[in-house]
Amino acid sequence: MDLSLSTRTVGDRTVVEVGGEIDVYTAPKLREQLVELVNDGSFHLVVDMEGVDFLDSTGLGVLVGGLKRVRAHEGSLRLVCNQERILKIFRITGLTKVFPIHTSVEEAVAATD
Amino acid sequence: MATVELRFSALPEHVRTARLVAAAVARRAGVDEAVLDEVRLAVGEACTRAVGLHQNAGITAPVKVQLIEEEKQFSIEVGDEAPRIAPGDRAPGAAGDDLEAEEDEMGLAVISGLVDDVEVTAGENGGQIRMTWPTAPPSAVLP
């Protein structure tokens with residue numbers, strides 16, 4: 001199992017669909033993808049985690065890094081996740097307070113602060 | 001003696017292997033199915049931390065994982081050989097220090113959030129994280 005990444009544009013948002021395992025080995029790929037999007041001017045990101053089987057602190061670090069980057073451009077980074085075992089990691093690290101977490105891509109795309 | 005012992009070169013690509021082996025041995029030992037996800041994540045965090053410590057210190061020795069089945073409990077020990085320096089001995093402002101320390105703390109935060117019984121020790125010869133989970137009494141084994 002590796003990491004899969006695909007991006008699409010919905011209105012002014014860029015949806016990054018992530019699948020597989022985000023860990024110390026694969027997280028750099030996700031980091032590169034997020035950095036590339038921000039460098040290309042996509043500042044409103046929705047990261048769809050529904051296809052993620054595993055997430056560790058390295059992956060959390062990459063998401064926090066992505067959030068820092070989009071915020072530097074007054075952008076946003078929203079997550080889509082319904083999986084309890086993934087949500088639990090956000091809860092125990094207190095990151096549910098940092099990331100807006102949505103139940104569907106549609107909801108995340110429509111959301112404004 | 002450990003039920004299963006694993007040594008791997010301190011490379012990120014081997015952490016997944018350690019997670020898979022640990023989860024398989026934990027399942028066999030009778031760790032509750034609902035807790036296996038936590039075992040997988042905790043051992044992954046501990047191994048990731050050990051890999052980082054070895055890489056940062058330029059240590060070529062492998063990371064050691066011991067999976068220990070005991071009566072009513074299952075333990076995982078992840079050992080590294082990175083010598084710890086007292087905080088005062090660190091060169092102030094050395095590049096990368098803060099980021100590394102931050103990532104290290106996040107991994108430990110996840111472990112302590114997940115595992116009730118965890119011991120972190122470190123000394124001049126390296127460090128170790130020991131995590132323990134209860135196991136269910138062995139049920140009837142199918143042939």
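General observations
- Residue in the range A:38-61 that is nearest to the chain's Cα centre (by Cα), counting only those that are closer than 16 Å to residue A:80 by Cβ and more than 14 Å from chain B (Cβ to nearest Cβ): A:47
- Some residue of the range B:8-23 being more than 14 Å from every other protein chain (Cβ to nearest Cβ), modelled with pLDDT of 90 or more and either buried (at least 16 other Cβ atoms within 10 Å of the Cβ) or more than 18 Å from residue B:129 (Cβ to Cβ) (or both): yes
- Every pair of residues 6+ apart whose Cβ atoms lie under 9 Å, when the first sits in the range A:1-13 and is more than 14 Å from chain B (Cβ to nearest Cβ) while the second is acidic (Asp, Glu) and part of a strand (DSSP E or B): A:4/A:17; A:5/A:17; A:6/A:17; A:7/A:17; A:8/A:17
- Residues that are in contact (Cβ under 8 Å) with a residue 40 or more places away in the chain, away from chain A (no Cβ under 14 Å) and under 16 Å from the mean Cα position of the chain (by Cα), drawn from the range B:24-60: B:25, B:26
- Pairs, first surrounded by fewer than 12 Cβ atoms within 10 Å (Cβ to Cβ) in the range A:96-113, second assigned to a loop (DSSP other than H, G, I, E, B), C-beta under 9 Å, six or more apart: A:103/A:81; A:103/A:82; A:113/A:100
- Residue in the range B:79-96 that is surrounded by fewer than 16 Cβ atoms within 10 Å (Cβ to Cβ), within 28 Å of residue B:26 (Cβ to Cβ) and at pLDDT 70 or above present: no
- Checking each residue in the range A:68-96 for being within 14 Å of chain B (Cβ to nearest Cβ), touching a helix residue (DSSP H, G or I) at 6+ places or on another chain (Cβ under 9 Å) and more than 22 Å from residue B:15 (Cβ to Cβ) picks out A:87, A:91, A:94, A:96.
- Taking the range A:9-113 and the strands (runs of 3 or more DSSP E) fully enclosed by it, the elements with 1 or more residues that are out of contact with any His (no Cβ under 9 Å at 6 or more places or on another chain) are at A:13-22, A:44-55.
The values are calculated or read from the model by the stated rules, or taken from the named source; none is laboratory data. On a predicted model such as this, the values are computed, not experimentally measured, just so you know. Cβ sites come from the backbone with ideal geometry, for glycine too, and all protein chains shown count toward neighbours.
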